[in-house]
Amino acid sequence: MILDDMANRCGEWLKGCGPESDIVMSSRIRLARNLADYPFIRRCTDIDRANIESTVRERLTNKAELKDLTFIDVADLQTLDRQFLVERQLISREHANSDGARAVAIDQQERLSLMVNEEDHLRIQVMKSGLDLVGAWDQINDLDDRIESQLTYAFHPKLGYLTACPTNVGTGMRVSVLVHLPALVITQQIEKVFRSLQKINLVVRGLYGEGTQAMGDFYQVSNQITLGKSENDLIDQVGDVIPVVIDYERKARDFLINEKQNDLFEQVSRAYGTLQNAQQISSEETMFLLSRVRMGINLGLIGDLEIPEVNQLFIRTQPAHLQKLRHSELDTDERNVERANYLHSQLKLDGGAEASNN
Amino acid sequence: MSAEDCGRSNKNMKCQKCQKQATFHITDLTGDDLLALHLCPDCAKGYLETGDSSEDAPVISDVMSKQLKPLEQTADDLRELDAKECPICGISFYEFRQGGRLGCPHDYVFFGEDLEPLLINVHGDNQHVGKQPKRGITDTESQTELIRLRRQMKEVVEQEDYEKASQIRDQIRQIEGEGSASE
């Protein structure tokens, strides 16, 4: 089964490479598209949904250029497997939890994901490690062209690409950058940053979208407006502000190093120690502590662990991943024990040294 | 209205939870309803950190009823608007306001004027300037007709009017045939 293979791999957005990857986890662009000859999802009959799914699947897999996409029937998956895809950011929570015919097409590297029958008929997504919005746009623009050569999109000369929700109409594009901002959180400046982002019409969310906690000090910054600005303008709107956010975070880290050195070392080494030695640990606490460790590595306080390894721990300690890796369903308590065991084994294997300054 | 204008009009907005000045304007698109949240820094922090999503927040109906006020003078006007139904997909404006999602591409034409204030409020604009389909703007009228015919087909089948159903099926096949011939 393809999902079991995936559990042992690391998707594009966790590779921990690309520009500014100490602070920027990933860059992501998604396009919302609908077929012109079907109603939007809420007015679709079961037959409509099934027809959309099969039409998309047939037209796209027949096309040689799109052959490397694997279609997964999401309706057919177990709850755990759907959750697994959510954790990897390949499908949305809404897509996982809805009903009726629906699918996702992904490529081997998990850079592309094409949700069929989400809120819109098609949600195309491209992910890049680090800060690379232009690269993501080139890729998704090309993919969109290839899909469009096979299917007729609902498009209006004045309003652009037509979407189920009027908040997405026009470009149908959401540009998001996932940033890791632990120092701004510790120095309590994060709200100030949010406020300035809001003033320029940008939205800030937690790791797994709206309503999720800002887990592990990860924040997604994305555009709010989709109509009246070109795709390049929207990319610039987000892309121009990220270096400023990065700069704030770097300054906050410098401040912690220079002014609060002892506190910082204490926090980082305690976090590392807890992750190595806990007997049971929740997903939230793991995220919180891994965030401290990740910053510690970037600041040179931990020498025996690399960023890609920590990124991998972030995902593999998520509930569904833990269960996939263990090949069994576990309840919350069992997961907390299993998670501690897993962290113990991974961090001990890597030497298990303490924070270098202690 | 430009983005700056939006910024100005936001300045007087009160936080939906505590009545302090709202400086966070969050549009939540992931739930069943579209949520527009206007929060002060304290409540925004709470929202982002605790995952408080839908309970206290207004749904699109609240956002829209506020917006419609300057345009729709009377309750009668609003009732009339709510009763409007798209001839293609059959969705009423009331259903759209409740669910926050439209029923088919033709709704943007049929409810065009009614949606205008919402688009201006959300985007500060009402004119697309980005990418267009590579093969030019296809005439989607026949595709829209397919949506209507398939819906009609379902209705006549339910009424067991099989003669009518077979006529509609032929019409659908004809349009579908034209579509694939041109590709």
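Where a number appears in this text, it was derived from the coordinates with a stated rule and is not lab data. Treat the numbers as computed from the prediction; the structure is a model and nothing was measured. A quick note on method: Cβ atoms are made from the backbone with ideal geometry, for glycine too, and the neighbour counts reach across all protein chains shown.
Using a cut-off of 15 Å between beta-carbons, work out the net charge of the residues near B:M153 (Lys and Arg +1, Asp and Glu -1, B:M153 not included).
Working: positive: A:R43, B:R148, B:R150, B:R151, B:K154, B:K164, B:R169, B:R173; negative: A:D37, A:D46, A:D48, B:E145, B:E155, B:E158, B:E160, B:D161, B:E163, B:D170, B:E176.
Once positives and negatives cancel, what remains is -3.
Which of A:Q220, A:Q261, A:Q276 moves most in a GNM of chain A, Cα contacts under 10 Å?
A:Q261
Which value at 222 nm does chain A reach when only helices count, each DSSP H run of 4 or more adding -39,500 (n - 2.57), with the total divided by all residues and rounded to the nearest 500 deg cm²/dmol?
Value at 222 nm, helices only, nearest 500: -14000 deg cm²/dmol.
What angle do you read, to the nearest 10 degrees and between 0 and 90, between the alpha-carbon axis of helix A:190-199 and the longest principal axis of chain A?
30 degrees
Any chance you could run the full-extension gain for A:N341 through A:E306? It's 0.36 nm times the residue separation minus the Cα-Cα distance, nm to one decimal.
Once the chain is fully extended between A:N341 and A:E306, it gains 10.6 nm.
Can you give the average number of partner chain beta-carbon atoms within 10 Å of each beta-carbon in peptide B:148-158, as a whole number?
2
Extent of the range A:260-355 along each principal axis, from alpha carbon coordinates, in Å, largest to smallest?
Extents along the principal axes: 42, 21, 17 Å.
I'm checking a number: the convex hull volume of the Cα atoms of the range A:175-317, normalised per residue, in Å³. What is it?
Considering the Cα atoms of the range A:175-317, their hull volume per residue is 115 Å³.
Which value in nm describes the separation of the simple spin-label points at A:D233 and B:Q167, placed 7 Å from the Cα toward the beta carbon?
Inter-label distance under the simple model: 4.9 nm.
Relative to the first principal axis of the alpha-carbon coordinates of chain A, what is the inclination of helix A:332-349, with its axis defined by its Cα atoms, in degrees from 0 to 90 and to the nearest 10?
Tilt relative to chain A: about 60 degrees.
By how many degrees, 0 to 90 and rounded to 10, does the Cα axis of helix A:242-259 deviate from the longest principal axis of chain A?
10 degrees
Could you work out how much longer the chain between A:D263 and A:D4 gets when fully extended? Use 0.36 nm per residue separation minus the Cα distance between them, nm to one decimal. Working shown, then result.
Values: separation 259, 0.36 × 259 = 93.24 nm, distance 4.13 nm.
Once the chain is fully extended between A:D263 and A:D4, it gains 89.1 nm.
Which of rounded, prolate or oblate describes chain A when judged by the alpha-carbon gyration tensor and an a/c cut-off of 1.5?
Oblate, because a/c is 1.5 or more while a/b does not exceed b/c.
Looking at this model, which pairs from A:K229/B:K134; A:K63/A:K229; A:K15/A:K324; A:K63/B:K134; A:K15/A:K348; A:K158/A:K199 are more than 23 angstrom apart at the alpha-carbon?
Table pairs above 23 Å Cα-Cα are A:K63/A:K229; A:K158/A:K199.
Cβ under 13 Å from A:L3's Cβ, A:L3 left aside: what net charge do those residues give with Lys, Arg +1 and Asp, Glu -1?
-3
Roughly how many nanometres apart are two label points built 7 Å out from the Cα toward the Cβ at A:S98 and A:S328?
Distance between label points: 3.6 nm.
Can you pull the one-decimal nm distance between simple spin-label points at A:L80 and B:E158, each 7 Å off the Cα toward Cβ?
According to this spin-label approximation, the distance is 4.0 nm.
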